[in-house]
Amino acid sequence: MLKINDKSPDFSGYTANGEIISSNDFAGKWLVVYFYPKDNTSGCTKEACSFRDGMEEITKLGAVVIGISPDSPLSHKKFIEKFNLNFYLISDESKEICQKFYTIGEKSMYGKKYIGVIRSTFIISPDGIIKYANYKVKPENHAQQIIEELKKLQND
């Protein structure tokens, strides 16, 4: 698991529009990177809409939000359009980025165990250092928690 004050792994991936973006594109800015299991599922939709609704305040704090899941760019495009999302989604079909952030692990649904994406969020400082790492994210009102963390971090 990544911890506070670890250097953030570099990553890049395809957006919903088929463009490649990289963590290096945002050097010098606060970066909120969140990992989620699947587009258009109830928890992931709640979390994405929470970020959508908090984007004005997050932007005022100088931060950029990137959501990452194993879904395809086309799936992300539909998800963005359906819920009017206003931040980047990166496709990680190979789960390479998930592995760099240690967000793949054992999960359980209806008593069955399987390997999947662990809902996780990281705040990365403008100099590329992890300042917040949460591997047990609850999707409801998640953006508000991140806004509070950003405010704390920027006042330190």
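We did not get these values from a lab; they are worked out from the coordinates using the rules stated. Computed from a prediction, not measured in an experiment: that's the story for all the values here. Neighbour counts run over all protein chains shown; Cβ positions are idealised from the backbone, glycine included.
Observations on the structure shown:
- Descending Cα extents along the principal axes, the stretch 37-117, whole Å: 41, 25, 22
- Contour minus Cα-Cα distance for Ser108 and Asn84 (0.36 nm per residue): 5.6 nm
- Structural descriptor for the chain: relative contact order 32 percent, calculated from alpha carbon pairs under 8 angstrom and at least 6 residues apart.
- Among the listed pairs Lys38/Lys95; Lys107/Lys152; Lys95/Lys136; Lys38/Lys77, a Cα-Cα separation exceeding 21 Å is found for Lys107/Lys152.
- Using the average count of surrounding beta-carbon atoms within 10 Å as a protection proxy, the listed peptides 105-115, 63-73 rank, highest first, as 63-73, 105-115.
- Checking every one of the trypsin sites (Lys or Arg not before Pro) in the stretch 1-36 against DSSP loop status and a limit of 13 other Cβ atoms within 10 Å picks out Lys3, Lys29.
- Simple spin-label estimate for Lys46 and Glu93 gives 3.0 nm between the two label positions (7 Å along the Cα-to-Cβ direction from each Cα).
- Cα centroid separation, the stretch 45-93 to the stretch 127-156 (Å): 16
- Axial C-alpha extent at least 27 Å, average Kyte-Doolittle at least -1.0 - helices from the chain (DSSP): 42-60
- Prolate/oblate/rounded call for the chain, Cα gyration tensor, a/c under 1.5 rounded: rounded
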